Every structure is written in C-alpha cells, then in structure tokens.
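The values are calculated or read from the model by the stated rules, or taken from the named source; none is laboratory data. Treat the numbers as computed from the prediction; the structure is a model and nothing was measured. Positions of Cβ are backbone-derived with ideal geometry, glycine not excepted, and every protein chain shown enters the neighbour counts. What goes into the accessible areas is simple: the full protein's heavy atoms, side chains included, and nothing from ligands, DNA or RNA. Shrake-Rupley method; radii C 1.70, N 1.55, O 1.52, S 1.80 Å.
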Amino acid sequence: MRELRPGDAGPAVAEVRATLASLGLLPTANGTGDPSLYDLAVEHAVRAFQQQRGLITDGIVGQATYQALRDATYRLGGRPLAYLVSAPVSGDDVLELQERLLQLGYNAGRPNGVFGPQTERALREFQRDYGLTVDGMCGAETVGAFNRLSPRASGGRPVLLREQEKVRNAGPRLRGKRIVIDPGHGGTDPGVTVDGIREADLMWDLARRLEGRMVATGMEAMLSRGPDQCPTEAQRAHFANEAGSDVFLSLHCDRNASPHASGLATFHFGTARNNTSTLGEALAGFIQRELTARTGMVNCRTHGKTWDSLRLTRCPAVRLELGYLTNTGDRTLLADPAFRDLVAEGILVSVKRLYLLGENDQPTGTFTFADLMRHELTKS
C-alpha cells in the first residue's frame, strides 16, 4: 500500500479513521469535517497509536503502521487461528492466545502476536491436556475452554526463566554460538547520507569488523545481506530464524532534523503491555552500557519496539542506532575506522556478558578483546 500522510484523502484514509475511532483514539464523526481526510486530528491519533505499539512515531501510515492497525482490531474468538507457513497470522487475538497459554504454563514462546510453530505446539499441548480436539487450531471449542479456565497467577514475565535457562545450558563460551549480523540498508538503499558518508557503507564495514572478531573466538557469524542487497526487515528476521541463530544484531545509525541530536541507543522487542524479549532486553542493556562507557557518546538509553526485525526473530534480537550522521561530532566518530573497531569490540564483549550471566565478569568498559580470548581459552 502507499503511505498515507497529512493532507491525503480517500477511502484508505476513511478506513484508517474508522479503525482509530474503534480503538478510542479518534472521536467518531459528528457531521463536521471530511470523514475521508487525513487531518491534524488523524495525525495526532496515528502518533498516539504508533507510540503505544512501539513503532516509529512519525504520524505517517506506512506498511508497518497499517498492519498494526489491522492487528489491533482482532479479538480472541473473532476468527479461527492456525499456523500458516506461507502467510503467518498476526493480530491482537494471537497475542491474547499466547498470553493465555503462557499464564497456564504452556511454552508459546515470546508473546509477539504472530502465530508461529511454537505457538502451535503449545496450543496442541493445551488441547491434549484439556481433552479437546488436538488440531492446533484455536476455534470456538478452544476459546470456550480458555474462558472456563483462569490462571492461578497473572502478570510477571513467564518467558524469563525459560530464556535464562536456555542461555545457562548453552554455557559461557562463545565457541559454537551462531550470530547473525544485520548491517542496515544496502543495495539501492544507502540509508542516511550526509556529506557523501552513507549509513549502508559504514554499517557494512562495521559488520565485517565484528564478523572477524566473532569468528576469531570460534563463533559462527553470518551476515544478513551482501553489499548490493537490501532485504526487508521481515526477510532479515526470516534469515536469522532459518539459520537457527542464537543472537541477531542489527546495525544502524540515525538522522534528525536538528543537528544537535546525538548519541547512541539500543532497541529490543517490547510492547506497551510489558511483553518483552527478556534476553534481548538484557543484551541491549549490556551493549548500551559498554558502548557509552567506551566511546563517551550521549546515552540515549534502551527501548522496547515492535519493528519486524525485533518482533519476528525467535532469538534475542537487538537493533543499534550508533549515533546521528546529521550531527558533526557523531559523523566524525563514525567515519573513523578506529572508532568502528572500538564499537565492534564493545558489541562482542556485550554478547560475552550475556552468556556469562554475571559470573566471573569484569567492570563495564574494561573487558578487552585480549581478556575475552584468554577467557575463551582457559574456560573449561
């Protein structure tokens, strides 16, 4: 679909307005104004919705926002749900299904609103235990069973212990861990470009530097794209899932209308309903602390988002925004190969910290590549 912006008009805008009104974000039509116009009220409502959903808050209805608006209209029981390999079903009804299964003790995986194979397995286990038809489909019979049950406890983060145990079982050594490194943009999409410096080129170079260090530790590092390719976020996530990746790292830098905006930020999967990738959140925190300590850049903190590269990956996923190319100071740093080496080392150390689980660790910013290699060689 084409992007919808302030000033646009037509049936697509009318549909967006109706959806926002049904969600309580936009007053229903009262006979005044054009019900098919993308006016200021619609823009404010779209921005509020995007903020709630962990999307980029730009007031523009692109593909991601439009899909999220559609997802928000579904309620559990309103349609049958099943795992479709070629076109996975998504929506708030899927999210509610995942949350109900998790609260009842079934491992539906990360509650991300996408009906995947792990959700199907958990649903089949529930159906078997409750004496229902074991077909992996959530229809009227299964919804009725959910309505007759109530979890013993609600709230909390049911996925946390499972994810931590998975990391603990993987052991502290990096050897054998499989990492997908995702340099942003590429091909015909250069990303942010200022004074001839292109985001895609910088992130490709950083990815190769990080890849080299990871391979030296015995890790299996893969790049999500080649220098002349630009997959979609969903395709990058699919690549990581098909590769059986243990960690997914997406590398970007940012832009801003103000030349004073600067600093680095990290992002993990997280929603306004406190659904989050606990390991992704932990890794984002490690990376944010390591890089701000090592580089002295402004700390723009960690944030939960629902971007496809974070939502659709089945492993811990982190997106890095490594400064603003529109800021002279950040741009000067990013253009320096020695700085990119420093960033690559900080990211690698952060991944190591994730697998150490706080054991035999060192203070932030002091763990060097040489220390890490010694640790890899001496750890039994």
When you go through (1) open to solvent by 60 Å² or more (accessible area, probe 1.4 Å); (2) within 16 Å of Thr271 (Cβ to Cβ) one by one for Arg121, which number turns out not to apply? (2)
Taking segment 301-320 and keeping only residues that are within 15 Å of Val343 (Cβ to Cβ) and of a type outside the set (D, E, K, R), one is left with Val318, Leu320
State whether one or more residues within segment 350-369 are within 30 Å of Pro111 (Cβ to Cβ), open to solvent by 50 Å² or more (accessible area, probe 1.4 Å) and under 20 Å from the mean Cα position of the chain (by Cα). no
So which residues in segment 59-77 are open to solvent by 50 Å² or more (accessible area, probe 1.4 Å), without any contact (Cβ under 8 Å) to a residue 40 or more places away in the chain and under 18 Å from the mean Cα position of the chain (by Cα), if there are any at all? Gln67
Tell me, which residue of segment 321-348 that is free of Cβ contacts under 8 Å to residues at least 60 places away in the same chain and open to solvent by less than 30 Å² (accessible area, probe 1.4 Å) is farthest from the chain's Cα centre (by Cα)? Phe339
Working only within segment 78-94, note down all residues that are in contact (Cβ under 8 Å) with a residue 24 or more places away in the chain and open to solvent by 50 Å² or more (accessible area, probe 1.4 Å). Pro80, Tyr83, Leu84, Pro88
Just to check your reading of the model, which residue among Ala240, Ala200 is open to solvent by less than 40 Å² (accessible area, probe 1.4 Å), in contact with a Lys or Arg (Cβ under 9 Å, 6 or more places away or on another chain), assigned to a helix (DSSP H, G or I) and not aromatic (Phe, Trp, Tyr)? Ala240
I'd like the full set of residues that are assigned to a helix (DSSP H, G or I) and among the β-branched types (Val, Ile, Thr), limited to segment 70-108. Val94
